[in-house]
Amino acid sequence: MLYWKLAWQSIVKNKLEYLPFMLAGTAAVALNLVIQLLIYSKGVQTLRASSSVIELLMFGQIVIGLLSVIFLLYTYSFLNKRKQSEFGLFSILGMQKRDLIKISWRQQLINYMIVTVIGVVTGVLFSKLLLLLFIKLVGGNNFQLNIALGAIIFVTIFFGLGFMLLLLSDILVIWRLKTISLLQASQKGDREPKSHWLLFGLGIVLMGWGYYISLTVNSPLKAMRIFFLAVIMVVIATYLLFIVASTIVLKTMKKHTNYYYQTDHFITVSNMLFRMRQNATGLASISLLTTMALVVIVTTVSMFVGQQDYVNKQFPRDVMMTNVANQSISESKVKQAASDNNVVLSKMYHMEISNPITGYLTSSGHAMPLIGTTVTRADNLSDFLFMTIQQFNQLTNKHGGTLAANEVYAYDRQGTFKNNTIKFLNQSYHVKKHLSKIDGVPSMQASMTHSMIIVIPSKTVTDKIGSAFNDLGENKQSISYTNQLLFDIKGSDKQKGKFLKTFKGEQNIIVDSKSETMSVLKSFYGGFFFIGLIFSISFIMATGLIIYYKQISEGRSDKKQFDILQKVGMSHSEVKRTVKSQVVWVFGLPVVVAITHLCFAMPMINKILQIFGVTIGPVVYTTMGLTIAGVVLIYFGIYLKTSKTYFKQVARKN
């Protein structure tokens, strides 16, 4: 009973540290449970793209689960110093190491029970609200939620293992350290760090290289391929520069005596300099977590907001009917089916365009078949579609437009091809005009590769190109044409659905509609948006706690110093100004660095967004601006709270 009493008293006595830890643990349990309940939900399982959505949720569960464990271990490390000092006192009073372990496992069990019970209850209570949000985002209509026992058991076991890891860390610390080390653990200080110019240079090189990759990437697929390389470079550089550059900057400040020997600056600079190893790592972690929150929010919100624009670019009209055998689709038959199903058709037109062939496009404008090493050069893959000048004139109402035998028009849907010639194998064609659009032709395709539409004098050109690509390419490609009928449609969803079903069983006919494509995309992008929100909440919560614990631990360390300074005449207003100056470093510098990272990452993010159909424009940049403003506002609230907490600890009571 004594051990239980000591364990509970320790938690109550140190509630300033334990309460945020328990709140964070409770939030982690609730978030994991919500994702589990969504996976088991009937509303999710009945979605049109349910398998993809469930896979997305399972991916989110893995990431959130890993983050939760890392988060628990990291935040618990701030509690450890306090606990070690307490255990040192118990050891002096006669307790053996096994007695300390008995107290420790009781503390962990109490923490686990409180966190799990409150987390499960909170998760169940909020799961219905989050299910409504999720189903709304993905475009579903079944809001049924099952409180699955399997989800609760999974979360209970998962966090049980997490708290066992915390107990193991306690046991290792107790077993390895001596009594005096335990007692003095919370009072250990750091020596003034040295200036490492070599590491500073390495950090600058890695940061510059990572930024350069982002600024110069010219292909969406290449951006996807090298994204993580750039991220690793920037992460390493961020830690190096925070550790090394901050030391150099602080030492430079110290050398400027007019600046350093001022009340507001002297304590801030000296405190941060002597604690820079720990400070720099924490500041770098805060900066990177803030960057991750910004990147995730910008990416997922841009995808969700931009999905309608993506579908509109894929579909010039509401419905696109394609005859893959290149036979004309009967307008009279389509209109009769519309009359039978009480729908109204409008703005109907025919279009003949080739199926795409895929090749490797060089920077000089040479299109080659996929043979040898070009097969693996995914970042320069291009889809080529062909249209005759006759069809182009009909679509654009430009009668009389002509092309010579060696002339073409080029329409690059991504807008990156600017060459005056394009060469297919050994045959070169002069690009008579670069087109910014073709009326009635989709300005975006569903695949993620670069895409061009080539307007040619006649089908003789494609006969030659197709034969050449067939002879040389390992993946045999011929160029065939399809006949398409496009039109808008009005009516109820049920009437439009019955009309579309009329043609879906017909041979050689493919029917695509804007509404069905939008429904599938909404499931995918809405799921991404929801998972992004969960990730962002986790990152912001982790950052807030790191800042909070950092201020708590440093406030206790600085209390004696400020107490002495106040005894010799330092006023409360001077303490406040000093605290404000110090907290501005902790809050301001990581946010500035995070925003800088985001700005340099935007070119690469834009390329990756193009894979998902989101083009660079007002939507992306508006989202970026609002995201930065929102995150800064959140961290300003954290700044106000932590600065008050720090001041309360260091200010001397009258």
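The values are calculated or read from the model by the stated rules, or taken from the named source; none is laboratory data. Quick caveat: nothing in here was measured; it's all calculated off a predicted structure. A quick note on method: Cβ atoms are made from the backbone with ideal geometry, for glycine too, and the neighbour counts reach across all protein chains shown. Remember, those area values only see protein heavy atoms, side chains included, never the ligands or the DNA or RNA. Shrake-Rupley method; radii C 1.70, N 1.55, O 1.52, S 1.80 Å.
Scanning the range 324-362 for residues that are among the polar types (S, T, N, Q), over 26 Å from Asp493 (Cβ atoms) and out of contact with any helix residue (DSSP H, G or I) (no Cβ under 8 Å at 6 or more places or on another chain), we see that the one that is most open to solvent (accessible area, probe 1.4 Å) is Gln327.
Kindly check whether there is at least one residue in the range 624-642 that is farther than 30 Å from Ser302 by Cα, open to solvent by less than 20 Å² (accessible area, probe 1.4 Å), in a helix (DSSP H, G or I) and at pLDDT below 80.
We begin by selecting, within the range 624-642, every residue farther than 30 Å from Ser302 by Cα; these are 640-642.
Next, only the ones that are open to solvent by less than 20 Å² (accessible area, probe 1.4 Å) stay: 642.
Right, trim to in a helix (DSSP H, G or I) and you get 642.
Checking the rest, the ones that are also at pLDDT below 80 come to 642.
Within the range 624-642, one or more residues are farther than 30 Å from Ser302 by Cα, open to solvent by less than 20 Å² (accessible area, probe 1.4 Å), in a helix (DSSP H, G or I) and at pLDDT below 80.
Each residue in the range 301-311 was checked for being open to solvent by 40 Å² or more (accessible area, probe 1.4 Å) and closer than 28 Å to Ile479 by Cβ, and 0 pass. Per this entry, Ser68 is not counted among residues that are under 45 Å from the mean Cα position of the chain (by Cα) and modelled with pLDDT under 75. Determine if the range 291-308 includes at least one residue that is under 30 Å from Val593 (Cβ atoms), hydroxyl-bearing (Ser, Thr, Tyr), assigned to a helix (DSSP H, G or I) and modelled with pLDDT of 85 or more. Taking every residue of the range 291-308 in turn, at least one turns out to be under 30 Å from Val593 (Cβ atoms), hydroxyl-bearing (Ser, Thr, Tyr), assigned to a helix (DSSP H, G or I) and modelled with pLDDT of 85 or more. The set of residues from the range 521-550 being in contact with a Gly (Cβ under 9 Å, 6 or more places away or on another chain) and of a type in the set (A, V, I, L, M) comprises Leu521, Ile531, Ile534, Ile546, Ile547.
Considering Ile489, Ile510, the condition of being touching a residue at least 12 places away in the same chain (Cβ under 8 Å), open to solvent by 60 Å² or more (accessible area, probe 1.4 Å) and β-branched (Val, Ile, Thr) is satisfied by Ile510 alone.
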